[in-house]
Amino acid sequence: MQKILLTSLVCAFIAVGLQAQILDDPTLVGYWEFQGNAVDASSFLNNGVSQGNPSFVPDEQGAANEAIFFNGATDWVNFGDDPSVRFSSQESFTLNVDARPLKPLSGSLSGAYGNMLRYDDFDLSDGDEPQSRGVMLFRLRYYNSGFRVEFAVGQGPSTYSTLLSNELPYDAWYSFTAVRNVAKDSMYIYVNGCLDTLMKDAEQISWNTNGQFLKCGKYESIFSTEYYYGYMQSAHVFKKALNNAEVFELSGDSSEVTDMYATVCQGGSFMGYDQPGQYYIAYPTPESCDSIVRLNLDVLPPLFTYEQVSICKGESYNGHLTSGNYIDTLQTADGCDSIVQLQLNVYMVFLNIIEATICEGESYEGHTMSGIYIDTLTSVHGCDSLVVLNLVVLPPQQTTALVTICSGESYAGHAAPGVYMDTLLTAYGCDSMVIINLEVLPVIQSEIQVYLCDGESYNGYTTSGFYTDSLISHLGCDSILTLSVTVSENYVYDTVLVSDCENALGIPAGIYLDTIVTESCDIIRTSIVKNDNLYIPNVFSPNDDGMNDYFEVYPSQTNIEIRRFVVYDRWGDQIFEINNAYEVRWDGYFRGKRLNPGVFTYMIEFTCGGALNRRAGTVTLVL
């Protein structure tokens, strides 16, 4: 994003420090300050050699030996023929002289010249005429009332020149600048930094100054030799065309310059500039002299920030919900890009299921009653950690045993009939009280009437009659039995299913056969005792294939009522509940959408024979 901030506008005056930027230009190939010598202050060291007897005098500010005086008769300076100060018609260049011309003391001024900088006797051609010898000069034309500045290349009719529009008075300090701009096919003359004259190169003259000397102060031709009369305090040669602002600075004028301060974001620009630095911009005025603006441009780079952030699942940071590396581009207060590299860590909410059993009177994590408890803790990352506790509190167990033994035998060390109480420990370490009701049987004499169906036998007897046998009772005691056998034609079988809630009868599960004597045929009764009252599967597959599509609870008898059945997901959220039902089934859906495979926790409360019971466990959903 581009944003331009103009911070202030102030006024200043061009001075030596202002010129320093131009003088550091690498295209400056000659700079003579005439400070007591003709030494070149540029990096090219094109030192001049004085001819005649030019003297060094005070400059415009009165500083001693800071200017050179030419007597107009014999004085001049040879700057040499180094390639660095040679030019061709295909090159742009700039010549500058700070001078104080004086009016010649003798001779006719009409058509007279005073040379400031000159190349002479080099190859020249305009394309229409044969190659000839030409000159390039930056000189004065003298008149009685004043002088005009001329910049010319050529010889005879092929001369390409531009001349000041007005005469300037003698005996005053001026900054004269001649600019050759190849790209625009133009020549310019500036006086004191202001553009005075412009001429287009319509004839396309071709020339080259190779091998020629650059002379200062002398004009020489086959017709005459003329010298410059006056003072100079500096001369410059650039191998480029200076622009208006640079010429204005080089003039050293005390005209007003406006400072402008601007700030842009990287990638933006102001007035065509996109790099930080100081730029000089010239604006034409009605007087043909430019108004100079010095632009001080600051370019703000993008602000780079690295963040490492941790959040919990379900939270967001700058709109991001999942772990990863993100790069966001924001804006600073200055309107520039602020690039934030975010490393986001999203920590899960943990679920921990604990199955615990304690004895009555004990506690677990502060809980003393059976039930399912959900506690929310804080993990090391500051996120929720769900702990689901399925707590079973075991009451003291009391078991009553009716034991019958034969006379002369013992049970648990007891031989006499009576009631005995013993305290033991269960597998969980809880108290278990056993009450033994011991009966000691004497030898039994009994009479039994037996009714048989036709085809049956009893102790080997298959016909009706009275029989006396010495037997052993079911407890192994002696029993004298008088048997009355009645055989009937028919017999009946009957099966009885006995469900014992929570094993309240104390009878082990199994199949028991009882014989009931009737007046006709015996009824053999099969008693099936089942102690398990609920069947709860641990896996189901709701994939609509017609097999095991529901998670169902199967009661073993009709007197079992489901009071409450609840299913939780791994984070402890309730996803299914049913109350007061005889039939329980869950299809694996939550809010109309089938859940993904996983492990779920259930809790069930039910009554069996009027007693309230609880169970909890897990079930796995697969597809």
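Please treat every number below as a calculation from the coordinates, not as lab data. All of these numbers come straight from a predicted model, not from anything done at the bench. Positions of Cβ are backbone-derived with ideal geometry, glycine not excepted, and every protein chain shown enters the neighbour counts.
Quick notes on this one:
- A quarter of the convex hull surface defined by the alpha-carbon atoms of the stretch 311-425 gives 12.8 nm² as the mean projection.
- Once you reduce the stretch 405-459 and the stretch 36-87 to the center of their Cα atoms, the two points are 144 Å from each other.
- From phi via Karplus (6.51, -1.76, 1.60), per-residue ³J(HN,Hα) for the stretch 582-593 in Hz, x at Gly/Pro: 8, 10, 10, 8, 10, 8, x, 9, 9, 6, x, 10
- In order along the stretch 560-567, phi translates into HN-Hα couplings of 9, 10, 7, 7, 7, 9, 10, 10 Hz, rounded to whole numbers, per the Karplus curve 6.51 cos²θ - 1.76 cosθ + 1.60 with θ = phi - 60° and x for Gly and Pro.
- Sparsely packed trypsin sites (Lys or Arg not before Pro) within the stretch 530-623, loop by DSSP, other Cβ within 10 Å at most 11: ARG591
- Among 597-607, 45-55, 85-95, 544-554, sorting by the average number of other beta carbon atoms lying within 10 angstrom of each residue, highest first, gives 85-95, 597-607, 45-55, 544-554.
- The stretch 323-375: relative contact order as a whole-number percent, Cα under 8 Å and 6+ apart: 25 percent
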